[in-house]
Amino acid sequence: PLFTFAAPLLRFFTGGNPVLKIGLVVLFFGVAFLLKYAAQQNMLPIELRMTGAALGGLALLLIGWRLRRTHTAYGLSLEGGGIGILYLVVFAAAKVYHLLPMPLALAVMIGLVALSGLLAVLQESKGLAVSGSIGGFLAPILMSTDGGSHVLLFSYYGLLNCGILGIAWFKAWRELNLVGFVSTFGLVTLWGASAYTPAHFATTEPFLILFFVMYCLISVLFALRQPLRLQGFVDGPLVFGLPIVASSLQAYLVHNFRYGLACSALVLGLWYIGLARLLWNRFSDAMRLLTEAFLALGVVFASLAIPLGLDPHWTTAAWALEGAAMIWVGVRQNRPAARLFGLVLQAGAALFFLDQASLPP
């Protein structure tokens, strides 16, 4: 359900000191508005506007650092707001105003991602990580223009997600993972609906694969970083929501290719089956639930590849054999879910067969 997906994020924004969080949000949007308004009205030189905003972000970061011991929540929130403003300034300076050459902007962004993650982990502050990430993801929206390279935009999102992946190596912060997942795939979907053309396939497909692999790894790290009694915990919205969203976007990208959907489903199925095998070999019972979830996803996508790529006669035969195999495994290992899935496959094979059968006159 949608509430289950949004509940961790809702708790984060309504918990703690909501007045402070609202104030930082207003400040962040205000800085973005002033930067765009000043540019439209030519009120100040571009360099002066960007320098002032950068100094403001640094001031918030330093003040928050000074207050981290005496007023912890206040100081950490200021740090997050300062990092968000710095994300905004660097992105605007590189993409909107072209004040920074791309290699330098990339180096600065890597430094900001590393700094944000390091501060969050050292101070055990989930709020700092979440607020900084939100500021980073909002920056392209607030400073959006009619033009611009989607490769630059997706590279920027890739850097932000590298920071989230790095934090996931040390901390199981569910809210941060969900913020990154929703922001990345939500914004990518909006871009695809408004600007994607088949000519963009070669420069879009690698980023979709990159984001998918990143959040697969994040879901595994989240399960591994749980306390011992909860190790292997499955974050349902991420584990099951990711393949649904990613496969939908992939279907949109490859719908013009003859076997695009079939090959995509097969590769996705093999990826999940291979990941399940790897987890089972390395962690066995500790990751049993997550392994079974990945195995189920792999079998489903591999099964979908058959009707997407073959004619109904081959689909009937393949699904009938696969269903018989699943029922046998379910009986031998006493797994009701495997038996049920095998019966579903058998029923699907029967429907395909009846659809193609012709009765003699």
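The values are calculated or read from the model by the stated rules, or taken from the named source; none is laboratory data. None of these values were measured; they are calculated from a predicted model. So basically every Cβ, Gly included, is an ideal-geometry build from the backbone, and we count neighbours across all protein chains shown. These area figures cover heavy atoms from the full protein model, side chains too; ligands, DNA and RNA do not enter into them. Shrake-Rupley method; radii C 1.70, N 1.55, O 1.52, S 1.80 Å.
Just the residues that are among the aromatic types (Phe, Trp, Tyr) and farther than 22 Å from Glu205 by Cβ, please, taken from the stretch 257-296. Within the stretch 257-296, Trp280, Phe283, Phe294 qualify.
When Phe170 is tested against (1) assigned to a loop (DSSP other than H, G, I, E, B); (2) open to solvent by less than 40 Å² (accessible area, probe 1.4 Å), only condition (2) is not met. Count of the stretch 294-311 residues, restricted to those that are at pLDDT below 70 and either buried (at least 17 other Cβ atoms within 10 Å of the Cβ) or within 22 Å of Ser247 (Cβ to Cβ) (or both), is 1.
Take the conditions (1) crowded, with 23+ Cβ neighbours inside 10 Å; (2) modelled with pLDDT under 85; (3) of a type in the set (S, T, N, Q); Asn177 misses just one of them, which is (2).
Of the set (1) open to solvent by 70 Å² or more (accessible area, probe 1.4 Å); (2) free of Cβ contacts under 8 Å to residues at least 40 places away in the same chain; (3) under 22 Å from Val121 (Cα atoms), all apply to Tyr74 but (2).
Just one residue in the set Ala59, Ala107 is at pLDDT 80 or above, open to solvent by 20 Å² or more (accessible area, probe 1.4 Å), under 21 Å from His150 (Cα atoms) and among the small types (Gly, Ala, Ser); that residue is Ala107.
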